[in-house]
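Read-outs throughout are calculated quantities, based only on the coordinates presented, and are distinct from any laboratory measurement. These numbers come from a predicted model, not from an experiment. Here the Cβ positions follow ideal geometry from the backbone for every residue, glycine too, while neighbour counts run over all protein chains shown.
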There are 2 protein chains.
Amino acid sequence: MGMHGMSTARPYKHVLDRLQEAGLRPTRQRLALGRLLFEGEDRHVTAEQLHAEARHARISVSLATIYNTLHQFTAAGLLREVVVDAGRSYFDTNVHEHHHFFNEETGHLLDIEETRLSVSDLPPPPAGMCISRVDVIVRVARTEPAIKAQAAE
Amino acid sequence: MGMHGMSTARPYKHVLDRLQEAGLRPTRQRLALGRLLFEGEDRHVTAEQLHAEARHARISVSLATIYNTLHQFTAAGLLREVVVDAGRSYFDTNVHEHHHFFNEETGHLLDIEETRLSVSDLPPPPAGMCISRVDVIVRVARTEPAIKAQAAE
DNA sequence: ATATCAATTCAGAACGATTCTAAAATCTAC
DNA sequence: GTAGATTTTAGAATCGTTCTGAATTGATAT
Ligand SMILES: [Mn+2]
Ligand SMILES: [Mn+2]
Ligand SMILES: [Zn+2]
Ligand SMILES: [Zn+2]
């Protein structure tokens, strides 16, 4: 049922292993989404984007399953959720500590390697609390938001 | 109508001035919300929180107006939007450059003065882009998320 | 292979936050 | 006061996400 093409020599193996390690059954949907997510470069996707991509690839998956899968992958440490925009969740295939440039106009995220940026002098967290994660979001825009107000206020 | 109490000697003046500066008509709703927002310490509120607070203070304002006002105040530079949680927008009365501790359990934000934290070695933004803002979110949790799994897996 | 049973998927409903609509109310200027 | 532009508002609509429960699939045992 549905094995077509030869450009898929052995690539399933990698994803299959990751699912097994994570204790997730290798269902048709998880394998297909896993391939979309993990077989190329690192990426940042929203649920809707991944859904559209699956549709293009002729993979039939419901949106509910996209959400389930993204959350299961996240819980398993295969993905990481990035919050940059109220109202939209991004999922990141790069689960190492790192930070982001965020282009608000296009919605694109770009990684900043952890080693290339340092956050220092962090004050101690409130009593009884410990730091679970430090997120740095560098919001970027097209250079010079119009050359108005050139007489610097 | 509805001027009751004497604890409101002249405090309107401050908010009124800020509205005028911003070119916003001093309507009953804007004045009332402005007072809630700007008369005490700096704070971080969601639209629903502010709406509830207004209701408590017997100020009748629709939720639509809460949203309109928060966005107008933000556009005018009287507030700043903080994104820490997909699905909920926080508005910050502290518009100076600063960063945040965010308690995901309670949803509370706590300011980190800009001078107390430094982000260095920021790589240059992608070509043709300029940095519009750098947000540092330090997510905190109750110390030691339970002492389970003490025999390190 | 077939039966069994838990895990998974899915369509569609429900949800919560936010935005939109367009009619009524309010503000400002005269 | 009136006129005209701005603002407010109730309610509907929208959007991303989560929930529901029935149908399907996967893993295991026979
Ligand atoms: Mn926004
Ligand atoms: Mn979330
Ligand atoms: Zn990333
Ligand atoms: Zn703040």
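Averaged over its residues, how many other protein chain Cβ atoms are within 10 Å of peptide A:99-111's Cβ atoms?
So the per-residue partner count for this stretch is 2.
Extent of chain A along its three principal axes (Cα atoms, max minus min coordinate, largest first): 68, 45, 28 Å. Residues whose amide H falls under 5 Å from that of A:Leu79, counting only those 5 or more places apart or on a different chain, are A:Thr74, with hydrogens built in the peptide plane. Taking only alpha carbon atoms, the range A:14-84 gives an Rg to Rh ratio of 0.92, where Rh is the Kirkwood radius. Using a 7 Å projection from Cα along Cα-to-Cβ, the label point at A:Arg116 is separated from the same position in the remaining copies by 3.0 nm, smallest value first. Of B:Ala141, B:Ala54, B:Ala127, the residue with the greatest mean-square motion in the GNM of chain B, using alpha carbon springs below 10 Å, is B:Ala127. In a shell of Cβ-Cβ distance under 9 Å around A:Asp135, excluding A:Asp135 itself, what net charge do Lys and Arg (+1) and Asp and Glu (-1) give? After counting each charged neighbour, the total is +1.
Once the mean 1/r over all distinct Cα pairs of the protein assembly as shown is inverted, what Kirkwood radius in angstroms do you read off? Intermediate results must be reported in sequence, preceding the final value.
On the way: mean 1/r = 0.0440 Å⁻¹.
That comes to 22.7 Å for the protein assembly as shown.
Between the amide H of A:Ile112 and those of A:His99, A:His100, A:Phe101, distances stay under 5 Å, these residues lying 5 or more places away or on another chain, with hydrogens modeled in the peptide plane.
May I ask for the longest run of chain A untouched by trypsin sites (Lys or Arg not before Pro) that are loop-located per DSSP and have at most 14 neighbouring C-beta atoms (other than their own) within 10 Å? After excluding every exposed loop site, the longest remaining stretch is A:59-147. Specify the angular offset, from 0 to 90 degrees and rounded to the nearest 10, of the alpha carbon long axis of helix B:63-75 from the longest principal axis of the alpha carbons in chain B. With rounding to tens, the tilt is 70 degrees.
Picking from A:Gly107, A:Gly23, A:Gly87, which is most flexible by a Gaussian network model of chain A using Cα springs under 10 Å? Fluctuation is largest for A:Gly87. Take each residue of peptide B:115-124, count the partner chain Cβ atoms within 10 Å of its Cβ, and average: the result is 5. Computed from Cα atoms, the angle from the helix A:28-38 axis to the main principal axis of chain A rounds to 40 degrees.
Can you list the GluC sites (Glu not before Pro) in the range A:19-60 that are in a DSSP coil and have 16 or fewer other beta carbons within 10 angstrom?
Listed in order of number, the matching sites are A:Glu39, A:Glu41.
Dipole of chain B (Lys/Arg Cβ +1, Asp/Glu Cβ -1, origin at the Cα centre): which of B:Ile137, B:Asn94, B:Thr115 lies farthest to the positive side? So the residue we want is B:Asn94.
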